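Before any comments, here is the structure.
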Amino acid sequence: PASSAEDAECAAMAGFVRQLERRRGPALRLEQRAAGGVGCVVWDAALVLAKFLEGGAAPRLARRAVLELGAGTGAVGIMAATLGANVTVTDLEELQELLEVNIENNKHLVTGSVRAKVLKWGEDVTEFQPPPDYILMADCIYYEESLEPLLKTLKDLTGPDTCVLCCYEQRTMGKNPEIERKYFELLQRDFELEKIPLDKHDEEYRSEDIHIMNIHRNVSSWTGGFSSSKSLLFAWDSKGCR
């Protein structure tokens, strides 16, 4: 369960519709909920990742298959859909109504496609195959008990060419630093990680405490052998993730 501080922050944020400005066209309108835990509000990491997708250093999303894990309000995935991606936003059953509302509220801005589906980490992902081109994650590193299921889902969903963008806010309270350390330690067993420099983030929507990681499946985890990391890391420039 969320901490009392998180509950209080959720309650404070949930009383209004969050507008997320876009570089071109009307803003996204994202409803929030007072009940339902951390998934029911738009967190800062979601804003940072959504705006990064709009930028010149962002992946080319048009006509690409994109899946968002732990989508919550759907902010990141819906933004990707406005950039031409074919998006599946996923979360638990109790978040589906909120996702559907936000998809409906923003459908006139979508130039690709977007749908909401239930996906519980650690369970079967057959219906989400073949592997998407991109997996998006914003603030999914919360609870220690969710780390192993999340990592299993990432391994099951990723193909050799899948690009994972993981955005998270670095937190210093309680067990958060230990949970983050463990997550990245486990992640590096099967994935290559590269931190996207802060100067590649949106000029307004950026923070020293919020990081975006570019993650790609380690080729050795597919072949069982050693491979050079040079072939695995993406170049982040004006052409985006390649």
Simple spin-label estimate for E100/D199, 7 Å along Cα→Cβ, in nm, reads 4.7
Expressed per residue, the solvent accessible area of the range 35-172 in Å² (1.4 Å probe) is about 37
Taking r as the C-beta separation of Q129 and R181 and R0 as 45 Å, the FRET efficiency to the nearest 0.05 is 0.90
Of the listed pairs K155/K182; K117/K195; K152/K182; K51/K182, those with alpha carbons more than 20 Å apart are K117/K195; K51/K182
The FRET efficiency for E93 and R115, from their Cβ-Cβ distance with R0 = 22 Å and rounded to 0.05, is 0.90
With the charge dipole of the range 44-104 built from beta-carbon charges (+1 for Lys and Arg, -1 for Asp and Glu) about the Cα centre, the Cα from V101, A45, T82 projecting farthest to the positive end belongs to T82
With a ≥ b ≥ c from the Cα gyration tensor eigenvalues, square-rooted, and the rule rounded for a/c under 1.5, otherwise prolate when a/b > b/c and oblate otherwise, the range 135-213 is oblate
With T = 20 °C, eta = 1.002 mPa s and Kirkwood Rh from C-alpha pairs, the Stokes-Einstein D of the range 60-162 in µm²/s is about 158
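The values are calculated or read from the model by the stated rules, or taken from the named source; none is laboratory data. Keep in mind it's a predicted model, so treat the numbers as computed, not measured. In this analysis, Cβ positions are derived from the backbone assuming ideal geometry, glycine residues included, and neighbour counts consider all displayed protein chains. Please note that ligands, DNA and RNA were not included when accessible areas were found on the heavy atoms of the full protein model with its side chains. Shrake-Rupley method; radii C 1.70, N 1.55, O 1.52, S 1.80 Å.
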